[in-house]
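Q: Pasting a structure here, questions to come.
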Amino acid sequence: MLRLRNERSGLRGTTRDESLPAAADEGDRSERAGAASRWLRSNKVQIFLFTIGILLVWQFVNEALRVPSYLLPTPSAIARALYSGVVDGLFIKSAFITLLEAITGFLIAACAGIVLGTAIAQFAIVERLVYPYIVGLQSLPKVAIAPLVIVWFGYGFSSKIVVSATIAFFPVLVNVIVGLKSADADQLDLMRSLNASRWQKLRLVQFPAALPFIFAGLDVAAIFSVLGAIVAEFVGSQAGLGNLLLTFNSNLDISSVFACLILLGLMGTSLHFAIQLLRRRMVFWSREDEVRKL
Amino acid sequence: MSTVLKADRSVAESPAEIRITDLSMRYRTVSGDSVFALDRVSLAIQPREFVCVVGTSGCGKTTLLRIIAGLVRHTAGRVHLRDREISGPSADVGIVFQGPVLLPWKTVLENVMIPVVVLGLDRDAHRRRAMELLDLVGLSGFEDKYPKELSGGMQQRASIARALVHQPSLLLMDEPFGALDAMTRETMNLELQRIVKDAAITVLFITHSIQEAVFLGDRIVVMTPRPGRIAESMTIDLPRPRELDAMSAPEFGSYVRAVRRLLNARGMTH
Ligand SMILES: Nc1ncnc2c1ncn2[C@@H]1O[C@H](COP(=O)(O)OP(=O)(O)OP(=O)(O)O)[C@@H](O)[C@H]1O
Ligand SMILES: [Mg+2]
């Protein structure tokens, strides 16, 4: 097991080294050929080349079979749509609105999930009263509330934020509860042997122990918050990428629909990496493979 | 260094550090019936005495330690820490658990400072003491490392420093070196003997190893299982400081044999 991991990390190390320009030590020509073949074997380069290949095949097959662009546009058409939408500012403006909705929803969900999760894990009375509701609500498909929220909060920002926050809330909540309860019994005994207060136990042991779980929850919540914003925009909105996507769809401008999807993908990926960055700084002491995702 | 560690309490004519009278402990199990973990155990430990508890697995050693630590409540009998009957954990006790139990998100120094932080003691004054203790356990230079950067033996030594930082008068140790290899264990035994001498502290030390108990203890308490009872209390009259060579001395061997005979005699009946 251990050996296997070592070998794997060793392998990763060498591939990284090999993607660097090789040191000039041997003969120049064989050196360059070796460097090229090593460059080809690097993981990132392989993925990049593979993607280029797929796009080329897509473009070629699409043109050869004359697939109508309202069914499946060519990659080049999608690229043009993306470019023109970005240049005239429409995509940027819409993406900004959706991102703002999602991030606001996410932050509300994160705070509410951490606060309520802590209360549930700390106070038996809160757990007894609130937990049945949470279990009930969790099995409900949250997107189903979107029409109701539009009725209550209107077509503007607030309804998007509410749907986004509601959907993103549950993964945070569940992970906070599980994380706080995962604290090591011996570490808690150590705290108890020093007559530590509830707050000291929470601050020094339970909360740090929960952090890997909380970040796993936040990771899911970030994706869910974008999902919530888009769904709410679908149901009723005046702006945002979801709104734009529906308009393009009804005009059968499928190239622009794809361009919107690409932007949404970028949005989700950026949020994911932002959270991973934060996690690596805050949970530096834990190994990633020790955390179960819930 | 030792001036800081030396506790300023008088050793003479003070009451017993621990006095346990007819202590019984019954655990309630999930299935509803109860486990008789300790049966009318009586034991007195004098200040600055080093008492080792040996006994087969499940004879109630950890239970005894947790009761003295105030972590679990006994069902009958009385336990006095000096002149006060225990009613919960006390700041006057330091505990070394079977594992190091360090917080992985804190540096070694921060871990050693945990009792100071939790008990609300003066941090600046105790930071110096923590550094001296780290030096004493051979970890100077490692104070800013994280636990995962230390070997198992080093982590356990950090946990000994932590148990001593708030100047407890009683040190409770539950098989602290059980997870270490034989070589490291012997080194740790030597170091513990030195640390305890400097700290002028009472120690209750639980172990599975008869050699370790004879090497460290002023006295050995032999426990027998089901229900947990004290079979015998044996004074170890070997000169201090004890060197590793002492383990090959004939007196050492005869103590080891005596303890083993006690353990075997009682163990066979069950
Ligand atoms: N929390 C508990 N609930 C129920 N029974 C327990 C509990 N803790 C211990 N026991 C029982 O009490 C008895 C004594 O346990 P204890 O842990 O004190 O033994 P020990 O001497 O420390 O053993 P070991 O050497 O294996 O650590 C055992 O029979 C055990 O099953
Ligand atoms: Mg035990």
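This table checks each residue for (1) aliphatic (A, V, I, L, M); (2) away from chain B (no Cβ under 14 Å).
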position	(1), (2)
A:133	no, yes
A:155	no, yes
A:164	no, yes
A:193	no, no
A:196	yes, no
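Q: Something else now. Among the residues of segment B:59-78, count how many are in contact (Cβ under 8 Å) with a residue 60 or more places away in the chain and more than 9 Å from chain A (Cβ to nearest Cβ).
A: Selection size over segment B:59-78: 8.
Q: Taking residue B:132, is it touching a Leu at 6+ places or on another chain (Cβ under 8 Å), at negative phi and not aromatic (Phe, Trp, Tyr)?
A: So residue B:132 fits the description; yes.
Q: Hey, among the residues in segment B:82-108 that are buried (at least 20 other Cβ atoms within 10 Å of the Cβ) and more than 25 Å from residue B:208 (Cβ to Cβ), which one's nearest to ligand 2 (Cβ to nearest atom)?
A: That would be B:103.
Q: Run down A:211, A:277, A:244 and say which single residue is surrounded by 15 or more Cβ atoms within 10 Å (Cβ to Cβ), at pLDDT 90 or above, on the phi < 0 side of the Ramachandran plot and more than 14 Å from chain B (Cβ to nearest Cβ).
A: A:244
Q: Residues B:167, B:193: which one is closer than 27 Å to residue B:44 by Cβ and in contact (Cβ under 8 Å) with a residue 60 or more places away in the chain?
A: Result: B:167 is the single residue among B:167, B:193 that is closer than 27 Å to residue B:44 by Cβ and in contact (Cβ under 8 Å) with a residue 60 or more places away in the chain.
Q: What residue, among those in segment B:192-214 that are within 17 Å of residue B:156 (Cβ to Cβ) and among the hydroxyl-bearing types (Ser, Thr, Tyr), is surrounded by the fewest Cβ atoms within 10 Å (Cβ to Cβ)?
A: The qualifying residue surrounded by the fewest Cβ atoms within 10 Å (Cβ to Cβ) is B:209.
Q: Would it be correct to say that residue B:81 is over 19 Å from residue B:210 (Cα atoms), within 14 Å of chain A (Cβ to nearest Cβ) and not charged (D, E, K, R)?
A: yes
Q: Can residue B:56 be described as within 14 Å of chain A (Cβ to nearest Cβ), over 23 Å from residue B:199 (Cβ atoms) and within 8 Å of ligand 1 (Cβ to nearest atom)?
A: Judged against the criteria, residue B:56 is not a match.
To keep it simple, each residue is scored yes or no on (1) loosely packed, with under 14 Cβ neighbours inside 10 Å; (2) within 18 Å of residue A:219 (Cα to Cα).
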{"residue": "A:118", "(1), (2)": "no, no"}
{"residue": "A:153", "(1), (2)": "no, no"}
{"residue": "A:168", "(1), (2)": "no, yes"}
{"residue": "A:174", "(1), (2)": "no, yes"}
{"residue": "A:178", "(1), (2)": "no, yes"}
{"residue": "A:198", "(1), (2)": "yes, no"}
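Q: Residue check: is residue B:87 within 12 Å of ligand 1 (Cβ to nearest atom) and free of Cβ contacts under 8 Å to residues at least 24 places away in the same chain?
A: Considered against the rule, which asks whether it is within 12 Å of ligand 1 (Cβ to nearest atom) and free of Cβ contacts under 8 Å to residues at least 24 places away in the same chain, residue B:87 comes out as no.
Q: Considering only residues of segment B:215-231 that are more than 16 Å from ligand 1 (Cβ to nearest atom) and surrounded by fewer than 19 Cβ atoms within 10 Å (Cβ to Cβ), which is nearest to residue B:24 (Cα to Cα)?
A: Checked segment B:215-231; the qualifying residue nearest to residue B:24 (Cα to Cα) is B:219.
Q: Further question: Pick out the one residue from B:161, B:199 that is modelled with pLDDT of 90 or more and hydrophobic (A, V, I, L, M, F, W, C).
A: Result: B:161 is the single residue among B:161, B:199 that is modelled with pLDDT of 90 or more and hydrophobic (A, V, I, L, M, F, W, C).
Q: Of all residues in segment B:54-68, which are of a type outside the set (Gly, Ala, Ser) and touching a Ser or Thr at 6+ places or on another chain (Cβ under 8 Å)?
A: B:54, B:56, B:59, listed by residue number.
Q: Helices (runs of 4 or more DSSP H) wholly in segment A:146-263 with at least 3 residues that are in contact with a His (Cβ under 9 Å, 6 or more places away or on another chain) - which ones?
A: A:207-235
Q: Out of segment B:132-161, which residues are more than 18 Å from the chain's Cα centre (by Cα) and among the hydroxyl-bearing types (Ser, Thr, Tyr)?
A: Result: B:140, B:146, B:151.
Q: Do we have any residue at all in segment B:160-182 that's surrounded by fewer than 21 Cβ atoms within 10 Å (Cβ to Cβ), within 16 Å of ligand 1 (Cβ to nearest atom), acidic (Asp, Glu) and within 30 Å of residue B:22 (Cβ to Cβ)?
A: yes
Q: If you don't mind, another one. Specify the residue that is nearest to ligand 1 (Cβ to nearest atom); the eligible residues are those in segment B:59-81 that are over 19 Å from residue B:205 (Cβ atoms) and either under 17 Å from the mean Cα position of the chain (by Cα) or surrounded by fewer than 18 Cβ atoms within 10 Å (Cβ to Cβ) (or both).
A: B:72
The values are calculated or read from the model by the stated rules, or taken from the named source; none is laboratory data. Here the structure is a predicted model, which is why all the values come from computation and not from measurement. Glycine gets a Cβ as well: all are built from the backbone with ideal geometry, and neighbour counts include every protein chain shown.
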